């Protein structure tokens, strides 16, 4: 059996870091972890190839080689996934599709031959068993949640690691919180499930023995869902493993803001090699937090919590949302002020979007306010519901946030604000990451010589060398990120406002 695994194209967004990849001669941020894990679940005797369309093109020859094409995608890859499915249909190659996009809306993909929905550890064996008997059904799903102890090590040999800026692994699934706009609990449940500590270390070892050194992203939607086990078993084992190998990796992940309440957990994460954490701040407006059920963010000083995490040794990246029903007219200035004062350099601000499977989607559907399916790109100007705020005010305010926080003056000042608070880990020795020297010289040319931001660029360079020389490589990294964020912001401004405003006007008429 010949299996081609295809990961559809991911459009240029804030998190694609597409414009930043050019500085370090990488093609994509991460390899497709889900497909690599699925590949490891397939019979060893089968021939397997993987095409990541963010790294290389998908050709008719690739498709014609395969007996089956396995596709996995997220919502933002919808259009590319449809294109791949259509190519397969024309060439009469059978398709098998799974992952978040297909699980959330299987009815949108009638051309797919076989839909393997939910967690692959449960549903894929059912499909494979029927395929072995030559009687595969069209749709497979299973009740309950997978036991992650059964999840194999991803089949890393299917990708070229040098194409990617970072590797990624998964420790656990599920989140104890249930925010109205989030589909994680629908996909993975509220009870956190995790791999065993030895199993997790074996995955780290699988990267290490293949020569990987550098960034590793724990893709968990809330890494600290089970704090007790992390502190008792997992992090101490990672600390020992990292020390024995002279700290080959540095980690980053996603977590809830209550991480700030646990000094022991913070210390262990930093000692284990974690340097960055993405946190859903969403809004500094308490009414918005109440509205969306963000209970972990309520009744706390969000700014103090962020600074506590930074001072322990973790850079905080943040997610922010505008468009809640309860948003006041001042929300845009409040978001700008919070982002700037917090020193959250990487601030992903989006307009609220109703994803299928969420409580928000159900509520808006009941209220008759849904307009269309979400694109999955939460940083696009893509209203898919009728907001309480006038749409032109919401769109203009959102644009004002982006153009303000990513304007060179405020952006570079925010990097300095972060550096004043951030205390990097003391253990291990610093290694230049692959492509760093080339990125430095490219940044000098594009930002220090040709760029309109050159005065702010050189101010950051001089400040970091004089005040925090150990953070100089990070200063270059954030300068490159800023270049990417400005490019994406320009793209949003040019492509988003006119098209979505026209669509909105047609809808309300």
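Read-outs: derived from the displayed coordinates by stated rules, not from any lab. Source: prediction; values computed, not measured. For neighbour counting, all protein chains shown are included, and Cβ atoms are generated from backbone atoms with ideal geometry for every residue, glycine included.
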Euclidean distance between Cα centres, the range 31-48 to the range 334-369, Å = 35 Å
Please give the residues of the range 261-291, grouped as numeric ranges, whose backbone N is less than 18 Å from a label point set 7 Å along the Cα-to-Cβ vector of residue 299.
-> 261-262, 285-291
Rounded to the nearest 5, the percent of DSSP beta bridges in the chain running antiparallel is 5 percent
Using a basic spin-label model with each label point 7 Å from the Cα along Cα→Cβ, how many nm lie between residue 363 and residue 79?
-> 3.0 nm
May I ask you to work out the translational diffusion coefficient for the range 210-326 at 37 °C, viscosity 0.692 mPa s, via Stokes-Einstein with Rh from the Kirkwood sum over Cα pairs, reported in whole µm²/s?
-> 217 µm²/s
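Roughly what percent of Cα-Cα pairs across the range 158-266 reach past 21 Å?
On the way: 2303 of 5886 pairs.
Everything past 21 Å amounts to 39 percent.
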Just one of (1) 1.09; (2) 0.96; (3) 1.02 is Cα Rg over 2.2 N^0.38 Å calculated from these coordinates, so which is it?
-> (2)
To the nearest Å, what is the center-to-center distance of the range 230-248 and the range 157-217, using C-alpha atoms only?
-> 16 Å
The whole-number value in µm²/s of the Stokes-Einstein translational diffusion coefficient for the range 113-221, with Rh from the Kirkwood sum over alpha carbon pairs at 4 °C and 1.567 mPa s, is 81 µm²/s
Cα-projected label distance for residue 49 with residue 190, points at 7 Å along beta-carbon direction, nm = 4.7 nm
Once all Cα-Cα distances of the range 70-113 are split into 10 Å bins that start at 0, what whole-number percent is in each one?
-> 30, 62, 8
Here the equivalent ellipsoid of the range 352-480, derived from its Cα gyration tensor, has semi-axes (largest first, whole Å) of 40, 18, 14
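Convex hull over the Cα atoms of the range 78-157, averaged projected area in nm²?
If I average the Cα hull's projected area over directions, I get 6.5 nm².
With runs of 4+ DSSP H residues as the only contributors, calculate the mean residue ellipticity of the chain at 222 nm using -39,500 (n - 2.57) per run, divided by the residue total and rounded to the nearest 500. Don't jump to the answer; show the numbers that get you there.
On the way: 19 runs with 214 residues, N = 509.
Only helices count here, giving -13000 deg cm²/dmol.
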Of the DSSP beta bridges with both residues in the range 166-420, give the percent that are antiparallel, rounding to the nearest 5.
-> 10 percent
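Calculate, for residue 290 and residue 237, the FRET efficiency according to 1/(1 + (r/R0)^6) with r their C-beta to C-beta distance and R0 41 Å; round to the nearest 0.05.
Numbers: r = 39 Å, r/R0 = 0.95.
Computed FRET efficiency for residue 290 and residue 237: 0.55.
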Dimensionless Rg ratio for the range 337-414, taking C-alpha atoms and the 2.2 N^0.38 Å reference | 1.28
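What Kirkwood hydrodynamic radius, in Å, does the range 166-420 give when the mean of 1/r is taken over all pairs of distinct Cα atoms and then inverted?
Working: mean 1/r = 0.0518 Å⁻¹.
After inverting the mean inverse Cα-Cα distance, the result is 19.3 Å.
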In whole angstrom, note down how far apart the Cα centers of the range 74-110 and the range 269-319 are.
-> 35 Å
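In what sequence do 393, 277, 116 fall when counting other Cβ within 10 Å, fewest first?
Working: 393 13, 277 25, 116 28.
The fewest-first ordering by Cβ neighbours comes to 393, 277, 116.
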Three-way shape label, the range 135-195, alpha-carbon gyration tensor, a/c 1.5 = oblate
